Amino acid sequence: MTALVPAGKPAAIACTLAALVCFVALDTSTKVLASAVPVVMVVWFRYLFQVLLTVATATPARRRTLHHSRRPGLQVLRGLLLIAATVLAFYSLQVLPVAEFTAVVTLTPLCITLLAVWRLGERVTRLEWLLVLGGMVGALVVVRPTRDLFHWATVLPLVLVLDNALFQMLTRRLAEEDDATTTQFYTGCVGVVTASLLLPWTWQVPQGVHVWGLLMLLCVFGSIGHLLLIMAYARAPAATLTPFLYFQIVFAVVSGWLVFGHVPDLASFAGIALIGLCGSAGTWLASRMAHPPR
């Protein structure tokens with residue numbers, strides 16, 4: 001599949017937008033399934049399908065080398081981070097609507113800025129700190145964990161932001177070391193093995209054809225979405241792709257309206273707008289600092 005997508009920034013942007021549509025469909029399916037299927041079963045089905053799809057679409061010669069990685073330890077770590085993200089998203093979507101959940105998760109680029117300070121010792125300007133603070137305020141406006149309306153799951157999207165930032169940093173790093181199919185294969189294997197350890201205590205037969213159908217759709221959206229994202233990062237730098245990640249909020253608002261009839265209220269729209277503004281400004285500032293005008 002990777003060979004069918006041309007190189008270059010336009011193809012990378014197209015892959016990113018297609019991946020975001022898949023992720024919104026994944027989140028929507030997850031929210032519908034949250035009350036019908038245990039999270040361990042969702043993880044197990046999703047990553048088993050990913051392994052089978054990766055093997056089935058690889059050439060015979062490629063199948064024999066799928067497990068060959070230059071950084072197997074990082075591949076396993078990436079897989080564990082994605083499992084954690086799946087679990088956090090599952091429980092978060094039980095409380096938050098899809099659009100509000102998506103808006104909070106798009107704080108990830110700002111979180112990457114903070115990680116760069118800690119991990120790489122990079123200098124962060126006052127304006128960048130203000131943008132990070134503004135994004136966090138926007139997230140709190142969206143989630144609104146007040147004393148009267150507090151649920152432990154309202155803080156999970158914020159934990160997911162940190163997890164997702166680490167995941168994206170590893171995705172970018174591994175895109176330089178291994179090809180997309182190897183990364184997909186490792187991610188699926190880590191997910192299947194981890195979920196299988198807990199499956200005997202949580203297994204229950206899905207009730208109804210619609211539940212089976214949603215499980216299959218969830219598997220398809222998750223596998224294809226992450227494959228597209230890996231291909232995008234292999235074809236363009238993160239600074240090019242990050243501004244387009246905020247389109248996921250638009251897709252999520254549309255999905256929430258079509259499937260659940262939910263439209264964010266005025267306060268949520270204000271928080272979403274603040275997150276998008278701070279995130280986009282942070283991306284523009286980072287790009288400007290990396291490539292100063294001559």
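For L80, the conditions (1) touching a His at 6+ places or on another chain (Cβ under 7 Å); (2) more than 30 Å from L258 (Cβ to Cβ) all hold with the exception of (1).
For the subset of segment 138-160 comprising residues that are buried (at least 19 other Cβ atoms within 10 Å of the Cβ) and modelled with pLDDT under 80, which member is nearest to G79 (Cα to Cα)?
It comes out as T154.
For beta carbons closer than 7 Å, sequence separation of 6+ or different chains, a first residue in segment 146-163 that is within 18 Å of Q94 (Cβ to Cβ) and a second that is assigned to a loop (DSSP other than H, G, I, E, B) and at pLDDT below 60, the qualifying pairs are T154/P145; V155/P145. Restricting attention to segment 80-110, the residues that are of a type in the set (D, E, K, R) and either under 12 Å from the mean Cα position of the chain (by Cα) or surrounded by fewer than 22 Cβ atoms within 10 Å (Cβ to Cβ) (or both) add up to 0. Return yes when W212 is modelled with pLDDT of 80 or more, more than 14 Å from the chain's Cα centre (by Cα), farther than 22 Å from V51 by Cβ and not basic (K, R) and no when it is not. Spelling it out, it is not the case that W212 is modelled with pLDDT of 80 or more, more than 14 Å from the chain's Cα centre (by Cα), farther than 22 Å from V51 by Cβ and not basic (K, R). Listed here are the helices (runs of 4 or more DSSP H) enclosed by segment 231-294 that have at least 3 residues being at pLDDT below 80 and not aliphatic (A, V, I, L, M): 266-290. For G135, indicate whether it is closer than 30 Å to R63 by Cβ and either within 19 Å of the chain's Cα centre (by Cα) or at pLDDT below 75 (or both). No; evaluated as a whole, the condition is false for this residue. Of all residues in segment 51-64, those that are touching a helix residue (DSSP H, G or I) at 6+ places or on another chain (Cβ under 8 Å) and either of a type in the set (K, R) or farther than 16 Å from V220 by Cα (or both) total 3. Cβ-Cβ under 8 Å, sequence separation 6+ or interchain: first residue in segment 185-197 and within 9 Å of Q75 (Cα to Cα), partner modelled with pLDDT of 90 or more and hydroxyl-bearing (S, T, Y). Which pairs? So the pair list comes out empty. Name the single residue, out of those in segment 179-194 being of a type in the set (A, V, I, L, M, F, W, C) and within 19 Å of the chain's Cα centre (by Cα), that is surrounded by the most Cβ atoms within 10 Å (Cβ to Cβ). Here the answer is F185.
When segment 229-281 is filtered for residues that are without any contact (Cβ under 8 Å) to a residue 60 or more places away in the chain and among the charged types (D, E, K, R), only D265 remains. From the list E128, E122, the one residue that fits, being acidic (D, E), at pLDDT below 80 and touching a Leu at 6+ places or on another chain (Cβ under 7 Å), is E128. Taking segment 212-263, which residues are over 21 Å from G279 (Cα atoms), among the β-branched types (V, I, T) and either crowded, with 23+ Cβ neighbours inside 10 Å or in contact with a Cys (Cβ under 7 Å, 6 or more places away or on another chain) (or both)? Correct list: I224, I230. In this structure, does D163 turn out to be modelled with pLDDT of 80 or more and of a type in the set (D, E)? In short, yes.
If I filter segment 68-77 for residues that are over 15 Å from G225 (Cβ atoms), in contact with a helix residue (DSSP H, G or I) (Cβ under 7 Å, 6 or more places away or on another chain), part of a helix (DSSP H, G or I) and among the polar types (S, T, N, Q), do I get at least one hit? Looking through segment 68-77, at least one residue is over 15 Å from G225 (Cβ atoms), in contact with a helix residue (DSSP H, G or I) (Cβ under 7 Å, 6 or more places away or on another chain), part of a helix (DSSP H, G or I) and among the polar types (S, T, N, Q).
The values are calculated or read from the model by the stated rules, or taken from the named source; none is laboratory data. In this text, all values refer to a predicted model and were calculated from it rather than measured experimentally. Methodologically, a virtual Cβ is constructed for each residue, glycine included, from the backbone with ideal geometry; neighbour enumeration extends over all protein chains shown.
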